[in-house]
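Remarks on the structure that follows.
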Amino acid sequence: MADMQFPSRPRLALLVFLAFLGVASPVAAQQGEAISTGRETVSDAEIDARIEGILDEIDGLQAVSATVRAGVVTLHGSVAEASLRDQATELANRVNGVVAVSNEISEATSVSERLTPVYDRLAQRALRTVGYLPLFAVAAVSGALVFAGGLFIAGRDWPWRRVAPNAFIADLLRQLVRLAFLVLGAVLALDILDATAFLGTILGAAGIAGLAIGFAVRDTVENYIASILLSIRQPFRPKDYILIESYEGFVIGLTSRATILLDHDGNHIRIPNATVFKSNITNFSRNPQRRFLFRLGVDAESNLERALAVGTEQLRKLDFVLADPRADAWIEEVGDSNVVLTFAGWIDQKSTDFVKARSEAMRLVKLRLEETGFTLPEPIYRLRFDTPPSLDGKQAAAVADVSKPGGEAGAPETKNASDTTPDTAVVQKVDAERAEAAPKDLLDDSAPNEIPG
């Protein structure tokens with residue numbers, strides 16, 4: 001034990017200090033590279049001179065001074081912004097030989113001192129903007145030329161009319177081309193200004209705004225998309241007589257938002273295209289041959305076979321009823337006091353009005369059944385009163401005439417069919433309406449139809 005030699009206390013302290021430096025040096029390297037003063041051993045005066053020389057060269061830190069004692073730097077003075085205060089501390093820490101920094105810098109509270117940096121920045125930006133004016137002009141002209149080229153291309157008729165199935169789709173393609181060239185021109189202008197990152201910010205904001213607007217105008221967008229699909233599919237033609245849900249009338253036109261009909265009373269019916277696209281559409285004009293139906297009730301004790309034959313024979317004799325397909329009849333149901341018969345006939349809607357033809361067929365078949373001896377019972381009670389004794393002959397005759405089923409004079413009905421030609425008044429109104437709405441109409445007789453033929 002006596003032979004073992006231990007290091008003296010000064011040597012032990014030196015070894016511990018060196019080991020500490022070996023551990024701490026990587027951490028110091030991570031905090032930033034030190035600003036050398038030119039010597040390994042630095043005096044406080046040299047550190048002070050180095051720091052104040054650096055602060056004098058930085059805008060906003062000229063009023064800051066430093067005092068150094070034993071490597072500890074104390075910063076004094078005032079600055080206009082908190083960021084300058086932190087910057088002074090960072091710079092002092094990087095000077096070689098600094099042990100610690102005590103920041104006693106205060107922020108200026110005077111309005112004039114606080115606004116001075118703002119004025120300086122605005123002046124610098126104004127000067128910079130003036131310097132960028134020629135570049136701005138070049139960027140604006142370049143973007144405008146690209147956009148003008150897009151307008152020229154979109155304004156031509158030949159390529160879009162040939163590619164698109166109708167005028168509405170052609171206009172939609174033109175709008176997309178204009179938008180594409182507008183974005184291309186903006187990208188070119190921003191690239192000249194070296195500000196393409198700004199475009200990404202704008203597009204991101206536009207995407208979020210577009211999503212919000214899309215939810216707000218969802219019905220409008222739905223109608224617009226339905227208009228595109230209807231204009232492509234063309235489920236009906238101009239002047240077709242159609243039924244959409246409970247709305248019935250002649251087609252005036254198809255706009256970018258709604259389908260316009262004109263009913264038999266001359267009233268306009270406007271149906272949103274989204275409703276039209278999702279609804280069942282009955283087109284009565286697609287096939288000019290149309291069948292009409294009506295029902296008549298005969299006495300339950302009647303010869304039903306004979307009643308059907310008489311009614312069918314009468315239908316087939318009518319000039320406006322087509323021979324092919326042939327008219328027909330059948331028993332619909334057996335009621336409490338009668339048997340309901342259904343009669344059916346076909347007409348050509350180009351030469352015959354559907355409502356008129358059905359009305360005349362119903363009248364003439366009923367008349368023929370009554371002439372043949374068939375009774376058409378009614379589910380009502382009829383009350384008859386004898387002539388009061390107090391009435392004279394003329395009054396009694398008047399009462400008897402009024403009580404007759406034939407009317408005032410009991411005149412017989414004519415056996416000839418009335419005029420059943422189509423009513424042209426409504427068709428003329430439709431033609432006039434279509435002439436006014438022609439520029440906005442998306443229907444085209446020459447466009448492909450979803451039902452061939």
How many angstrom lie between the C-alpha centres of region 281-309 and region 43-101?
108 Å
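So what is the relative contact order for region 289-385, in percent, with contacts set as C-alpha pairs under 8 Å and at least six apart?
39 percent
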Across region 277-285, in residue order, what do the Karplus-derived ³J(HN,Hα) couplings come to in whole Hz, using 6.51 cos²θ - 1.76 cosθ + 1.60 with θ = phi - 60° and x for Gly and Pro?
5, 8, 9, 7, 10, 9, 9, 7, 9
Nothing charged except the Cβ atoms of Lys and Arg (+1) and of Asp and Glu (-1): what's the magnitude of the dipole of region 192-319 about its Cα centre? Round to the nearest 20 debye.
320 debye
Pull up all non-local amide H partners of residue 332: gap of 5 or more, or a different chain, and H-to-H distance under 5 Å with H placed in the peptide plane.
340, 341, 342
Checked against the positive end of the charge dipole of region 289-385 (+1 on Cβ of Lys and Arg, -1 on Cβ of Asp and Glu, about the Cα centre), the farthest of 296, 347, 364 is 347
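No lab work stands behind these numbers, since they all come straight from the coordinates. Everything quoted here is computed from the prediction, not taken from an experiment. Quick reminder, even Gly has a Cβ in these numbers, built from the backbone with ideal geometry, and neighbours come from all protein chains shown.
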